[in-house]
C-alpha cells in the first residue's frame, strides 16, 4: 500500500476560528511510517478552508480582520444567497432567504479547501513560522473532518 | 501503474461561468478502478480556476458578484495589462493595449488552477454540499481542458 | 522509489517580486525520469506563495497592483500584527509592534503556498501562456526554498 489515510475530527466554533492543524497532520504522517512523499490535507464542507500561516495571535487577528473587510458578512450579495453548509452527513436543504452564511461560502471558495505539502526525510517542509491551519467561516459551531492523505 | 490520468473537455462561455466538475472527476476515478489515493484536478490556461463550493444558483450568483467587486473588469490596472490567454495549442502573442481580459488573469491567479482531493473507500471526501467547480473568467467562450490525475 | 524530490533555491528581493518557477520545476521532473504523475510545488515560509499566471510584464504589474490594492501595506490591521517570517532555519522570535510585513503574511495565506500539476506524457499540463510562479511578499530580500515533489 502506498497511500495512508488519516482523519482529523475537530469541534470548531465557526465565526472565523483558525485552528492549527500541524500537529494533527504530523501524527498521521508518523503513524504511516512514511518518510518521503506528498501529504494532501483537505477539509470537507463548503464553509471552511485550509491554508498555511504563522499561527500566532497577531497574525490570526490580522487574517480575520482582512477577510472580514474583503468579504463582509453583509447581505450585499445576490438575493437568496447560498444555502447553509450542511456537512457531509446530512442532506442539502437550501432555504433561500434564510441564509446567514453566504459570506462564509465565498471566503471558503476563495482560500480553497486543500493544500499539498511535500514530506522529505520524515518531516513536512513547512517553515518554523509556518503552520497548516483550518479556517472555519461558518456562523455557528461545527464538527469538522479534515482528511490527510500520505502518498508515497 | 499507480497513476491514472483523465482529461475533461468543456466548452465554456467565459464571463464568470461556473461549471460543476464533480461528476466528470468521479467518472475518471471510477474508470481508474482505484479506491484510495489522492486526486489532483488542474485546469490548463491562465484565465480559469478550480475550487470547491456549494453549486446552487444563489451561491453561484454570490461568488460571481464578489469576484466582480474584488477584481472589477476595469482598466484600472497597469497600462498594457495581460495578454489574452491563448490556451495550450497556440503561441503566445502579447498585444499590449489590446487586452480585455486583464481582470480574468488576476482572478484566476488568486483562486488558483488546482485542488487535490483525497479518495477514501472509493469516494471523494467532498461534503454533500460541496462540489468541485471550474470558474472561467475569460471574456469569451473557450474550449477548456481539465486534467484529473489519480495517484494511488 | 515512486517519489522524487527536488529543491529549488532562489534569492528573492521581496516586495512583490514574482519569479517564474516553470523551468526549475521541469528540471526536477526531467531529472526524475518520470513521465506520468502528480507534481507538487510548495514554498517554505509564511510570506510567499505559489500560483500560476501568464508570466509577462503587463500581467506581473497587474497582479502586483491588484494585491497592493486588496491587501495594502498599511497598519490598518490588528494592533501588534504578525511576527516577521524568519524562514526555515532560524527560530521564531515574534516582536510585537516591530513588524513591517503583516500584509505579506495576509497575501501569502490568501494565495496559498502550494499547487499540484499533473505530469502527462513527460510534460506538465500547463498552457503555453501559463507559468508556475513564486510571489515573494516579504518586505526584504530572502533566500527561498521551493520543494518539488514528483509522485508517480
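Throughout, read-outs are computed from the coordinates displayed, never taken from laboratory work. Values in this document were obtained by computation on a predicted structure and should not be read as measured data. Backbone-built Cβ (ideal geometry, glycine too); neighbour counts: all protein chains shown.
Table for the structure above
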item: Average partner coverage of C:3-10, which counts Cβ from other chains inside 10 Å; result: 3
item: Rg/Rh (Cα only; Kirkwood hydrodynamic radius) as it applies to the stretch A:5-79; result: 1.05
item: Calculated FRET efficiency for the pair residue A:68/residue A:11, C-beta based, R₀ 25 Å, to 0.05; result: 0.65
item: Shortest-first distances to equivalent copies, position residue B:11, nm, label 7 Å out along Cβ; result: 5.3, 5.3
item: Virtual spin-label span in nm between residue C:35 and residue A:2, 7 Å along Cα→Cβ; result: 1.6
item: Pairwise label distance in nanometres, residue A:100 with residue A:123, each label 7 Å out on the Cα-Cβ vector; result: 4.5
